[in-house]
């Protein structure tokens, strides 16, 4: 009987040890997965902050450009008005007005093109960190398959 009890005891010890090892392995894997999720979350927050920072810089650059354009437009209109008041004939008024309109239109088109470039660059810069995180997520998912 002692041999039977010893055998049962050894079997119970083996089962207990195997169960403890399986529990430890599962716990270690769960903790590793949680650490990985936390790291991804941290990097996602950093990417959002970087994106918002880039968008803010773009908005600031666009705002500064718009203000500079508005200031130069007011100055150009003031100069044109002074020129018009000094005109000596109707033909000179028409010529000055035509020249002013042409210059104003060219300036406006240049402003729109420049603003377009600023917005495009800001969107690209703002999306870059988010795209990097999306790529990292896809790679992480694919590596787990």
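Read the figures in this text as sums done on the coordinates, not as results from a lab. Everything numeric here is computed off the predicted structure, so don't read it as measured data. Heads up, the Cβs are rebuilt from the backbone with ideal geometry, glycines too, and the neighbour counts pull from every protein chain shown.
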Exercise for the section: Identify which of the listed values of semi-axes √(5λ) of the Cα gyration tensor in Å was calculated from the structure shown: [x] 79, 12, 5; [y] 29, 22, 15; [z] 36, 17, 14. Expected result: [x]
Handout entry: Solution diffusion estimate, µm²/s, Stokes-Einstein, the range 3-86, Kirkwood Rh from C-alpha pairs, 20 °C, viscosity 1.002 mPa s
Key = 107 µm²/s
Problem - Sorted by Cβ density within 10 Å, fewest first, the residues 145, 88 - result: 145, 88
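So for the chain, averaging the separation of alpha carbon pairs under 8 Å that are six or more residues apart and normalising by length, what relative contact order in percent results?
Computed over the chain, the figure is 41 percent.
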Problem - Distance from the range 1-24 to the range 131-145 (C-alpha centre basis), Å - result: 43 Å
Exercise for the section: Identify the residues of the range 116-145 with backbone N under 18 Å of a label point that sits 7 angstrom from the Cα of residue 43 along the Cα-to-Cβ direction, or state none. Expected result: 127-145
Exercise for the section: Could you work out which residue, out of 126, 47, 26, moves most in a Gaussian network model of the chain, that is, has the largest mean-square fluctuation with Cα springs under 10 Å? Expected result: 26
Completion exercise
Most fluctuating of 52, 122, 64 in the GNM of the chain (C-alpha, under 10 Å) is 64
Practice task
Obtain the nm distance between the two label points defined at residue 117 and residue 104 by a simple spin-label model: each point lies 7 Å from its Cα along the Cα-to-C-beta direction.
Solution key: 2.5 nm
Handout entry: Spacing of the two label points (7 Å from each Cα toward its C-beta) at residue 88 and residue 66, in nm
Key = 4.4 nm
